[in-house]
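Asks: The structure's right below; bear with me while I get my questions together.
The values are calculated or read from the model by the stated rules, or taken from the named source; none is laboratory data. Quantities reported herein were computed from a predicted structural model and do not represent experimental measurements. Methodologically, a virtual Cβ is constructed for each residue, glycine included, from the backbone with ideal geometry; neighbour enumeration extends over all protein chains shown.
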Amino acid sequence: MENFDAENFNAENFNVEDFQIGEKKMHPFCDDFIQQIQDENKEKAFFYIMDKLKKGEVGVVELYSQILAPTLNQIIYRYEEQALRIWEEHVYTGIILTIMENCYPYVLKERDKDYKKKVNKSVMIICPSKEYHILGARMATDFFTIANFNATFVGNDTPQDVIVASIKKKDPDYIAISVTNPYHLVATKRTLERIHEEVDEPPKVILGGNAVHMNKVNKKNIKYDMILKTFDDIIELRKKILEGSEN
Ligand code: B12
């Protein structure tokens, strides 16, 4: 794909081979977990992971980054196979969302154990309009919570008016936008332009998600302050805020 450009977007430039598919090295629990979700065995997959969390054999950050995300991101298909694969994606996402909802007590436990000192910064996490891929944003929200930010997930497919209105009302310090499909960088760009036009003191803008990390995607026309990818990037931001070197 030649220089995907949010402004001069051409759908014909996109090839599935260009899509980044996440972590290369698989976690040792992945084989079992992938098999369970491919069998669509929600009960087995759920208790497999919950048991590992309960016994302390895996933590939330490791679970999200090295097991759940790569399990989904290893799915890669061509346009022609789409109809067959969408069903699987919905079923797998459902299983993973159930697991993530049940991770909340562990999220708070990890926050209180490792990052007790509050950051005193609020972050609103959204996906742009028409972006239905929700899991990256949900994981990022839990990562910010563990890092002891005041983090709120607003939604996937969030309309521009809703984003602008909630920023005016809630006045967050940061807005984090998770974009999976590069098509949605156009909506992201327009949303950020509107925020800068309509909000007196706009929040700092964090971009994340696979669309943002694709090598050939040109982001120069998008108004953002930083790109973050991993939990460690969020911890780096936390460190800078607590040291006073991030204004
Ligand atoms: C699940 C899935 C779906 C589900 C989503 C369900 C849901 N509610 O989320 C459904 C079935 C709805 C779906 C729909 C579609 N999908 Co889909 N989908 C996927 C799949 C299999 C997994 C994506 C995912 O959830 N990964 C897990 C998350 C957790 O990983 P992640 O996003 O990388 O997040 C990690 C990091 O990136 C980071 N992160 C993410 N965001 C942020 C933000 C910040 C601030 C930070 C710090 C970190 C961070 O944190 C996470 C943990 O490490 C991918 C496969 C792939 N290879 O990517 C295809 C994929 C993304 N989909 C694709 C396509 C084409 C579509 C559809 C267009 C298909 C169709 N015609 O319907 C639609 C588009 C819908 C839309 N308008 O958005 C393509 C995209 C290629 C392209 N052209 O862009 C892919 C790559 C599949 C393929 N063809 O190979 N999809």
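Asks: Just checking, which of Ile99, Ile175 is in the same structural domain as Asp225 (by TED's automatic domain parsing), more than 9 Å from the ligand (Cβ to nearest atom), within 24 Å of Lys229 (Cβ to Cβ) and not in a loop (DSSP other than H, G, I, E, B)?
Replies: Only one candidate qualifies: Ile175.
Asks: State all residues of the stretch 208-222 that are under 19 Å from Thr158 (Cβ atoms) and part of a loop (DSSP other than H, G, I, E, B); if no residue qualifies, say none.
Replies: Gly209, Ile222
Asks: Continuing with this model, one more query. Just name the residue that is farthest from Pro202 (Cα to Cα) out of those in the stretch 223-247 that are hydroxyl-bearing (Ser, Thr, Tyr) and in contact (Cβ under 8 Å) with a residue 12 or more places away in the chain.
Replies: Thr230
Asks: Which of the residues belonging to the stretch 33-84 are of a type in the set (Val, Ile, Thr) and closer than 23 Å to Val107 by Cβ?
Replies: Correct list: Ile37, Ile49, Val58, Val60, Val61, Ile67, Thr71.
Asks: When you scan the stretch 45-93, how many residues do you find that are near the ligand (Cβ under 10 Å from one of its atoms) and farther than 19 Å from Asp31 by Cα?
Replies: 10
Asks: Sort out which residues of the stretch 125-168 are among the acidic types (Asp, Glu) and either surrounded by 20 or more Cβ atoms within 10 Å (Cβ to Cβ) or more than 8 Å from the ligand (Cβ to nearest atom) (or both), and write them in order of number.
Replies: Glu131, Asp142, Asp161, listed by residue number.
Asks: Please specify each residue of the stretch 137-152 satisfying the condition of being of a type in the set (Phe, Trp, Tyr) and part of a helix (DSSP H, G or I).
Replies: Phe143, Phe144
Residue by residue, here is whether (1) closer than 13 Å to Ile125 by Cβ; (2) in a helix (DSSP H, G or I) holds:
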| site | (1), (2) |
| --- | --- |
| Val154 | yes, no |
| Ile163 | yes, yes |
| Lys168 | no, yes |
| Ile195 | no, yes |
| Pro202 | no, no |
| Ile206 | yes, no |
| Tyr224 | no, no |
| Ser245 | no, no |
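Asks: Scanning the stretch 1-56 for residues that are among the acidic types (Asp, Glu) and in contact with a helix residue (DSSP H, G or I) (Cβ under 8 Å, 6 or more places away or on another chain), which turns out modelled with the lowest pLDDT?
Replies: Glu2
Asks: Also, I was wondering about something else. Which residue, of His184, His133, is closer than 21 Å to Ala69 by Cβ and in a helix (DSSP H, G or I)?
Replies: Only one candidate qualifies: His184.
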